[in-house]
Amino acid sequence: MTTSHTAAAAGHDDGHVHHHYTTTGLDHRKIAIWTFIGSECMLFASLISTYLIYKGRSIVGPFPHEAWTSETGQQFHAILDIPVTSASTFVLLMSSFAMVLALQAVQLRGTPLPANPTWWQRSQRSSQGWLLMTALLGATFLGFQAYEFTSFVHEGLTIKRNLFGSSFFTLTGFHGAHVTAGVLWLMTLLWIDRSRGLQGKNDELLVDICALYWHFVDVVWIAIFTLIYLIR
Amino acid sequence: MSHDAKHDAHGADGGAHAHPDGNKYLKVAVILTLITVVEVWAYYIPALVESPFFNPGLLIMSAVKFGIVVLFYMHLKFDHKLYRALFTGPMIIAMCTIMALLFLFGQLSIKL
């Protein structure tokens, strides 16, 4: 057994804080989240591919960017609501900003504030505030998505209606499920922070891993917003 | 070598650096917002939408936003190179998969 393995085993035995370093010297939990994110890239690539392959191949409307009149004379306007989606995109981008400040606040915990700190310098120390802000912005994004899905169904676009509906709801639904998981994760971290405080290298890593997941959800939306909503 | 020392040494070998501060994160957020505003603005200009540069322009702006978030918010610019490999490897495979499928199903073509 190598020295590091022996030390790690000893760490488990004496009940102290465990360090989970691999032979690379890197924490295996962070390697795991990056590997997971890599696999998620391929999941979303397959969903985006499916959407792009089916693009323009729906036989019946509603369509994303063009109006359509059915054989019975029923009229459908272009269904994508760009102003609403732009607002939700801005919300998700700002949630990433809040997340990175939450991580920074945990990393700065215990370091002294400069003399006569400004509001901005003080606010950067509030991990609970930034975690709460991130979760609220994520929940707001989900609210926008619920509104969008509901209005689409009312306007006649369901997951069974046409190829556009099937691929659109599958792609954005999967993304929404990821955001939902992220919000639950953030609420868990917030609860831990309120109950015992997030501090030390181990807790920094917990927040860092959650932040990586959250930013990944954000970059996936950056791609979706351009490919599905803006490009015609 | 202790775990922490080993960790730090590998971090240095792998090109890990200190992360940016709050002011830099704020600048990144402003840049991301501005790019998004330009994207949406372009969508509402018919002359731009008809232009052959519309779709490539949007894709480039989206890629820039993607890169900024990954490099600065996900700290890939500052973290160990193994993390970069774990992300860019699958990303390249994903991009190649998308391109291959689009060619296979006729959404993209090369005129010879």
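The values are calculated or read from the model by the stated rules, or taken from the named source; none is laboratory data. Quick caveat: nothing in here was measured; it's all calculated off a predicted structure. Ideal geometry is used to build each Cβ from the backbone, glycine not excepted, and the neighbour counts take in all protein chains shown. Heads up: the accessible areas ignore ligands, DNA and RNA and are worked out on the full protein's heavy atoms, side chains in. Shrake-Rupley method; radii C 1.70, N 1.55, O 1.52, S 1.80 Å.
Of note:
- Count of the stretch B:64-94 residues which are facing another protein chain (nearest Cβ under 7 Å) and either assigned to a helix (DSSP H, G or I) or at pLDDT 95 or above (or both): 14
- Which listed residue, of A:Ala98, A:Ala87, A:Ala45, A:Ala78, is of a type outside the set (S, T, N, Q) and outside any helix (DSSP H, G or I): A:Ala78
- Residue match in the stretch A:96-106 (condition: open to solvent by 20 Å² or more (accessible area, probe 1.4 Å) and over 21 Å from B:Lys65 (Cα atoms)): no
- Qualifying helices (runs of 4 or more DSSP H) (wholly inside the stretch A:115-232; at least 1 residues being under 26 Å from A:Leu26 (Cβ atoms) and not small (Gly, Ala, Ser)): A:127-154, A:163-195, A:200-224
- Some residue of the stretch A:114-123 being crowded, with 17+ Cβ neighbours inside 10 Å and aliphatic (A, V, I, L, M): no
- Hits in the stretch A:147-192 - residues which are among the hydrophobic types (A, V, I, L, M, F, W, C) and under 16 Å from the mean Cα position of the chain (by Cα): A:Leu171, A:Phe174, A:Ala177, A:Val179, A:Ala181, A:Val183, A:Leu184, A:Trp185, A:Leu186, A:Met187, A:Leu189
A quick yes/no check of all residues on (1) in a helix (DSSP H, G or I); (2) modelled with pLDDT of 95 or more; (3) more than 9 Å from every other protein chain (Cβ to nearest Cβ); (4) open to solvent by 30 Å² or more (accessible area, probe 1.4 Å):
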{"residue": "B:Ala9", "(1), (2), (3), (4)": "yes, no, no, yes"}
{"residue": "B:Leu34", "(1), (2), (3), (4)": "yes, yes, yes, yes"}
{"residue": "B:Val38", "(1), (2), (3), (4)": "yes, yes, yes, yes"}
{"residue": "B:Met61", "(1), (2), (3), (4)": "yes, yes, no, yes"}
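- Number of the exception - B:Lys111 against (1) at pLDDT below 90; (2) within 9 Å of chain A (Cβ to nearest Cβ); (3) farther than 21 Å from A:Leu47 by Cβ: (2)
For (1) among the aliphatic types (A, V, I, L, M); (2) more than 14 Å from chain B (Cβ to nearest Cβ); (3) open to solvent by 10 Å² or more (accessible area, probe 1.4 Å), each residue gets a yes or a no:
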| residue | (1), (2), (3) |
| --- | --- |
| A:Gly156 | no, yes, yes |
| A:Lys160 | no, yes, yes |
| A:Phe168 | no, yes, no |
| A:Val183 | yes, yes, yes |
| A:Arg194 | no, yes, yes |
| A:Asp218 | no, no, no |
| A:Trp221 | no, no, no |
| A:Leu230 | yes, no, no |
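- In the stretch A:25-75, the qualifying residues are those that are within 13 Å of chain B (Cβ to nearest Cβ), open to solvent by 20 Å² or more (accessible area, probe 1.4 Å) and among the aromatic types (Phe, Trp, Tyr), and the one that is farthest from the chain's Cα centre (by Cα) is A:Tyr54.
- Taking first residues from the stretch A:146-160 that are under 19 Å from A:Val179 (Cβ atoms) and partners that are assigned to a loop (DSSP other than H, G, I, E, B) and aliphatic (A, V, I, L, M), the Cβ contacts under 7 Å between residues at least 6 apart in sequence or on separate chains come to A:Phe152/A:Ile79.
- Number of residues in the stretch B:83-98 that are more than 10 Å from A:Ala45 (Cα to Cα) and surrounded by fewer than 18 Cβ atoms within 10 Å (Cβ to Cβ): the value is 5.
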